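Undergrad: The following block contains the structure, expressed as structure tokens.
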Amino acid sequence: MNTKTKQNINVGVDTGKYQLDIFIRPLGIYFTVSNDEKGIREAIKEIKKYKPERIIIEATGRLEMPFILACAKANLPFTIANPIHVKRFAGAIGQRAKTDKLDAELIAHYGEAIKPPLSTLKPDTMQLMSDLVTRRNQLLTMQTMEKNRLQIMPKELAMTIKPVLTLFKNQINKIEEKIVRVIESCPEYQAKNMILQSMTGIGKIAAASIISNLPELGYISSKQASALVGVAPMNRESGRYKGKRKIQGGRPQVRTVLYMAMMSAMQSNPVFKETYQRLVAAGKPKKVAIIACIRKMIVILNSMLRDGVMWEAPVAKN
């Protein structure tokens, strides 16, 4: 008797930079493939044989995207799991050991027990979003290069650069408008967008930038979120030398957008207004205080997306 169709098949996928570990539950089948086009093609072919109820893959930000796109194109049911939820599930069932195989098996078990809702993202929507973000980043890079040239070139050549900067600005605006339209056309993006914009100070462009440039948000820790944006202060110590902590790295595109959002939030959002004023009153330089506010904002947004809750302004005390 063929039992494959009698069982609810859940496939857990543990994502690595170079490898995908796959566990098929309850059949106990485990295999690995390379996290590249060839490996993903092999995985999809093998998984299709078992007609899974769902394929569960942890969100890492970008590493899982090629596999997810392949699942969508193959009409396989998939769900993108929040790593924090999977970790809590592991604690609930008392699993402490960690290996690639055990992680894949845990993810499959999580899918079977919790039955997280399937994703409705379509491959063409995901690809379009990815392409728009890529193109936006390319334009921003070229814009920065031209701005740098404007600073060093003779004044008589400035007129050859300024029209190019205007062109870049217009094209970036058009790309951002398209990103907003894609978000508004997709229920899953809409849900994120609604949560993000519920925070006073976060508008359409800031929300779109977070969704497109920081897809990990809501799936990672507060420290990881701050580091990805580039607002986590880094120590500068060597022997007896102790320098001032400075921010570095991260994703400048989203950090720039959040910086502008914070300028608005400090005027209209009492939480960030109070935080900024308190830090400045304590002697912090204004720019340092702003970065600290952005760090607080990204931590709160990460929690909101993780828990699926809207922003709630604190009740004023009498």
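The values are calculated or read from the model by the stated rules, or taken from the named source; none is laboratory data. As the structure is a computational prediction, the values presented were derived from the model and not from experiment. Please note: Cβ atoms are built from the backbone with ideal geometry, for glycine as well, and neighbour counts cover all protein chains shown. Areas reflect the complete protein model, heavy atoms only, side chains present, ligands, DNA and RNA absent. Shrake-Rupley method; radii C 1.70, N 1.55, O 1.52, S 1.80 Å.
Undergrad: For the range 151-230, report the % of Cα-Cα distances exceeding 20 Å.
TA: Of all Cα-Cα pairs in the range 151-230, 50 percent lie more than 20 Å apart.
Undergrad: How far apart, in nm, are two points set 7 Å out from the Cα along the Cα-to-Cβ line at Arg41 and at Arg181?
TA: 3.4
Undergrad: Cut-off under 16 Å on the C-alpha distance; same-chain residues fewer than 8 positions from Lys223 excluded. Which lysines are left, in chain and number order?
TA: Candidates past the 8-residue exclusion: Lys246, Lys296.
Undergrad: State to the nearest 20 debye the size of the charge dipole of the chain about its Cα centre, where the only charges are +1 on K and R beta carbons and -1 on D and E beta carbons.
TA: Using only the charged Cβ atoms, the result is roughly 1120 debye.
Undergrad: Out of (1) 35; (2) 43; (3) 22, which label holds the value of percent of Cα pairs over 31 Å apart that was computed here?
TA: Entry (2).
Undergrad: Solvent-accessible area per residue for the chain at a 1.4 Å probe radius, Å²?
TA: Heavy-atom SASA per residue in the chain reads 56 Å².
Undergrad: Then there is this: Using a Debye calculation, one point per C-alpha and no hydration shell, please list log10 I(q)/I(0) for the range 99-233 at q = 0.11, 0.13, 0.20 Å⁻¹ in order.
TA: Computed log10 I(q)/I(0) values: -0.59, -0.77, -1.23.
Undergrad: Out of the DSSP beta bridges found with both residues in the chain, what percent are antiparallel (nearest 5)? List each step's numbers first, then the result.
TA: Working: 17 of 25 bridges.
If we restrict to bridges inside the chain, about 70 percent are antiparallel.
Undergrad: Based on DSSP H runs of at least 4 residues, each adding -39500 (n - 2.57), what is the mean residue ellipticity at 222 nm of the chain after dividing by all its residues, to the nearest 500 deg cm²/dmol? Let's see the in-between values first.
TA: On the way: 12 runs with 184 residues, N = 318.
-19000 deg cm²/dmol, from helical runs alone.
Undergrad: Next question, about the same structure. What is the distance in Å between the Cα centres of the range 33-66 and the range 101-161?
TA: 21
Undergrad: Here's a follow-up. Which residue, chosen from Ala113, Leu150, Pro77, occupies the Cα position most advanced towards the positive end of the dipole of the range 32-169, where the dipole is computed from +1 (Lys, Arg) and -1 (Asp, Glu) charges on Cβ about the Cα centre?
TA: Leu150
Undergrad: If you don't mind, another one. Find the all-direction average of the projected area of the Cα convex hull for the range 28-156, expressing the result in square nanometres with one decimal place.
TA: Orientation-averaged projected area of the Cα hull: 11.5 nm².
Undergrad: Here's another thing I want to ask about it. With each pseudo-label sitting 7 Å past Cα toward Cβ, what's the Ser130-Ser222 distance in nm, one decimal?
TA: Placing both labels 7 Å along Cα→Cβ, they lie 3.3 nm apart.
Undergrad: Same structure again: Of the accessible area of the chain, with the probe set at 1.4 angstrom, what percent is carbon plus sulfur? The partial results should precede the final answer.
TA: Working: 9720 of 17910 Å².
In the chain, the share of accessible area belonging to carbon and sulfur is 54 percent.
Undergrad: To continue, here is another question. My understanding is that a pair violates if its Cα-Cα distance is over 22 Å; which of Lys45/Lys192; Lys174/Lys286; Lys38/Lys73; Lys115/Lys178 do that in this structure?
TA: In this structure, Lys45/Lys192; Lys174/Lys286; Lys115/Lys178 exceed 22 Å between Cα atoms.
Undergrad: I need the shape label for the range 1-92. Rule: rounded when a/c is under 1.5, else prolate if a/b > b/c, else oblate, with a, b, c from the alpha carbon gyration tensor.
TA: oblate
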